[in-house]
Amino acid sequence: MNYNNLLISIEDHIGTITINRPKKLNALNKETISELHEAFKSLASNDEVKAIILTGAGEKAFVAGADISEFANFSVEQGEELSRVGHESLFTFVEKIEKPILAAVNGFALGGGLELAMSCHIRVFSSHARVGLPEVSLGVIPGYGGTQRLAQIVGRGKAIEMIATAGMIDAEHALHINLANHVVSPDELMDETRKMASKIIKNSSTAIAAALRCVQDCFDKNTDGFETEIKEFGKAFGTPDFKEGTTAFLEKRKPKFQ
C-alpha cells in the first residue's frame, strides 16, 4: 500500500513507521489515523516483523496533536463518533497488537500524540521531548484514551494534574513518573530504540505475545488477569519455543526460536 503521510521500512525483523508530516508537526488528521491503522495491521500480520518502532519525521515533533481544523465545528454526535472510531481503529488497536511496539518520541507529543505514545508498549524519549495533554485549554478532554492510560501509567493524582493544568512536562519529568521508559540524546534516539527492539526479538515471539495478553488483561476490568496468566503459562508448555528454550538452557547454548 502507498501512504501519503507515512514512511514504512523493515530491517532485521524490525518494522519502523515514521509519521511524515513535518510541516504540520506530524499532527494526526483522519487520513493519517486511517493510514496508521493499515500500517500497523500490515506489520502485525507480517511474519518477518518481530517488533515495531513508531516515530515522527523531523526533529521537532513525534506528533504535536490532532488536526483541530477537522473537528472544530463538530456536533455532540460527531464528536463521540470521532473518539469511538479513533479508539477502535488506532489507539486501542495498537495497544492490543501482540508484537512489542516501541515509541521513539523525538520531540513534542501533545494531545493525540501523547495518547498514541501511551498506546505503545514501550516509550523511549529524546532528551528534548516535551509532552502533555492540553485538551482542556480548548474546552474539550482527551478523547483517544488519555484519561485512562495516563492514570494507569502515572497514577490518578498525577494524571489529573497533567490533564487539568494542560501543561507540558519535559523528558526527565516523564522518566521520573514512569511515562518514559528511557531518555536518551536526540542523536541516539533511533539507535537506542532499535537496540532495545533487537534485544527483545531475540526472545520467544510466542512467549512475548502471551505476556502482552496477560498485561493487557491486568487493565481489563471485566477480565481476571491472574487467570489469564495461569492459562497462558500452561499453554506455553505446548509450544515449540518452550521446548527449544528449555533444551537450549539445559544444553548451555543460546536458543534458536523460530
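Here are some notes:
- Matching residues, the range 127-141, being open to solvent by 10 Å² or more (accessible area, probe 1.4 Å) and either under 16 Å from the mean Cα position of the chain (by Cα) or under 17 Å from residue 63 (Cα atoms) (or both): 127, 128, 130, 134, 135
Per-residue answers, yes or no, for (1) farther than 19 Å from residue 51 by Cβ; (2) surrounded by 12 or more Cβ atoms within 10 Å (Cβ to Cβ); (3) at pLDDT below 95:
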site	(1), (2), (3)
211	no, yes, no
214	no, yes, no
221	yes, no, yes
225	yes, yes, no
230	yes, yes, no
236	yes, yes, no
243	yes, yes, no
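- Options 105, 124: the member that is more than 14 Å from residue 153 (Cβ to Cβ), open to solvent by less than 10 Å² (accessible area, probe 1.4 Å), in contact with a Ser or Thr (Cβ under 8 Å, 6 or more places away or on another chain) and in contact (Cβ under 8 Å) with a residue 60 or more places away in the chain: 124
- The residue of the range 1-37 that is nearest to residue 54 (Cα to Cα), among those that are part of a helix (DSSP H, G or I) and open to solvent by less than 70 Å² (accessible area, probe 1.4 Å), is 36.
- Scanning the range 92-102 for residues that are over 8 Å from the mean Cα position of the chain (by Cα) and either surrounded by 24 or more Cβ atoms within 10 Å (Cβ to Cβ) or in a helix (DSSP H, G or I) (or both) yields a total of 2.
- Residue match in the range 45-67 (condition: touching a residue at least 24 places away in the same chain (Cβ under 8 Å) and assigned to a helix (DSSP H, G or I)): no
- Complete set of residues in the range 191-231 that are of a type in the set (D, E, K, R) and without any contact (Cβ under 8 Å) to a residue 60 or more places away in the chain: 191, 195, 199, 202, 217, 220, 221, 224, 227, 229, 231
- Residue that is surrounded by the most Cβ atoms within 10 Å (Cβ to Cβ), among those in the range 188-205 that are in contact with a Pro (Cβ under 8 Å, 6 or more places away or on another chain) and in a helix (DSSP H, G or I): 197
- Apart from one condition, residue 145 fits all of (1) within 13 Å of the chain's Cα centre (by Cα); (2) over 25 Å from residue 76 (Cα atoms); the exception is (2).
The values are calculated or read from the model by the stated rules, or taken from the named source; none is laboratory data. In this text, all values refer to a predicted model and were calculated from it rather than measured experimentally. A quick note on method: Cβ atoms are made from the backbone with ideal geometry, for glycine too, and the neighbour counts reach across all protein chains shown. To get the accessible areas, we keep the full protein, side chains included, count just its heavy atoms, and leave off ligands, DNA and RNA. Shrake-Rupley method; radii C 1.70, N 1.55, O 1.52, S 1.80 Å.
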